[in-house]
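Just so you know, all these numbers are worked out from the coordinates, no wet-lab data involved. Because the structure is predicted, anything quoted here is derived from the model rather than measured. Cβ: placed from backbone, ideal geometry, glycine included. Neighbour counts: every protein chain shown.
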Amino acid sequence: MWTKEITLHELYDFDYTLHRLSWDPLLHLNVEERWIDVPLVLSGDRKEIARVQAIGTIEAPRIQVSALVSELKEETLARIAHLFQWDLDLSPMQAHFTDTNLAKLFHDFPGTPIVKDFDLYFSLMKTIIHQQLNMKFAFVLSSRFAETFGERKGDVLFYPKPETIADLDYSKLRELQFSQRKAEYVIDTSRMIASGELDLQTLETEEDDAVFEKLGKVRGIGPWTIENWLLFGLGRPDLFPKADIGIQNALKAYFTIGRKPTMEEMVEWSKSWHPYRSYASMTLWRSIE
DNA sequence: AACCAGGGAAGAT
DNA sequence: ATCTTCCATGGT
């Protein structure tokens, strides 16, 4: 067992992130005690569970990371810092919005980080599974999927691997209340990943546009799914899912227009948000939680 | 009991 | 290329 204390850049709302993640029944966390357990599959297929706990404030954020295996300490810390984007200073982003139409929003909800989903592959599967479903049932379905085909170690669940899902028959997902269409999307995409035809690690190194281009060719993956995967899977800073119902509802409330905004309005409003449109999106979602 | 939900494919213009 | 319909299932 080892522990390390880390002082972050000014402005990092870890507690909000915990609150956001508490939607996900797969995660083992405690909002009051300010910690979350992160399953990590490290080099050599070695599994580690890291506990990440807040001990500071939004303006003076400090974090404690602890885990079991001391020989994996450096790799664990690097992976955690990557997932939580601790190398990124949110101050320039926060300052950017003081000159925009979202100044009040960012004044009310400062320092919202983009903490990435803990597993790149599962993030994509989750996004496909969540297409067109209400949040509650969406998480029921994705957690059923993970519980059935992943591996539980105590309180922490390690996500399924594409090889496991690639071997499934569509009926195995229908049993979990997947639609036939959705079962095909999930399994067919997993087969492409397992065979190497689709490589998510490679996509991680490519520009947003290239990811749209390549992932868009996969059956079952459209613009909404790509945007969400870029945002929550890869933590990219400049995405605005304007087709998303939640975003539209948040804008409706923030600009008090009494109706859903039009695409043209959203395009116009969002111009000044570049290159931080993901942070605008995150903060808009946050505003209607 | 409709209508909706953090869509997308397939078919029709 | 763009518009419409269908798919599929639980929530409200």
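Things to note:
- Whole-number D in µm² s⁻¹ for the range A:1-141, Kirkwood Cα-pair radius fed into Stokes-Einstein, 10 °C, 1.306 mPa s: 96
- Inter-part distance, the range A:198-217 to the range A:136-180, computed on C-alpha centroids, equals 24 Å.
- All other residues whose Cβ lies under 10 angstrom from that of residue A:55 are scored, Lys and Arg at +1 and Asp and Glu at -1, for a net of +1.
- Close amide H partners of residue A:42, meaning residues 5 or more places away or on another chain with modelled amide H under 5 Å apart, are A:47, A:48.
- Per the Debye formula on identical point scatterers at the alpha carbon atoms of the range A:52-109, with no solvent, log10 I(q)/I(0) at q = 0.13 Å⁻¹ is -0.50.
- Fraction in percent of alpha-carbon pairs per bin - 5 Å, chain A: 1, 5, 11, 16, 17, 17, 15, 10, 6, 2, 0, 0
- Pairwise Lys count, the range A:120-233 - Cα closer than 25 Å, eight or more residues apart or different chains: 20
- About the Cα centre, charge dipole magnitude for the range A:85-125 (Lys/Arg +1, Asp/Glu -1 at Cβ), debye: 120
- Summing charges over all other residues whose Cβ lies under 14 Å from the Cβ of residue A:205, with Lys and Arg as +1 and Asp and Glu as -1, gives -4.
- Test item: Cα-centred dipole of chain A, Lys/Arg +1 and Asp/Glu -1 on Cβ, debye: 860
- Taking A:256, A:205 and counting other C-beta atoms within 10 Å, the order from fewest to most: A:256, A:205
- Net charge over other residues, Cβ less than 14 angstrom from the Cβ of residue A:262 (K, R count +1; D, E count -1): +1
- Ranking A:220, A:132, A:176 by Cα position along the charge dipole of the range A:120-233, where only Lys, Arg, Asp and Glu carry charges on their C-beta atoms, puts A:176 farthest toward the positive end.
- DSSP-assigned coil residues among chymotrypsin sites (Phe, Trp or Tyr not before Pro) in the range A:91-196, each with at most 12 further Cβ atoms within 10 Å: none
- Loop-resident sites, the range A:228-277, for trypsin sites (Lys or Arg not before Pro), counting at most 12 other Cβ within 10 Å (DSSP): A:259
- For A:89, A:99, order by how many other beta-carbon atoms lie within 10 Å, fewest first: A:99, A:89
- For the pair the range A:223-242 / the range A:1-40, the C-alpha centres are spaced 22 Å from each other.
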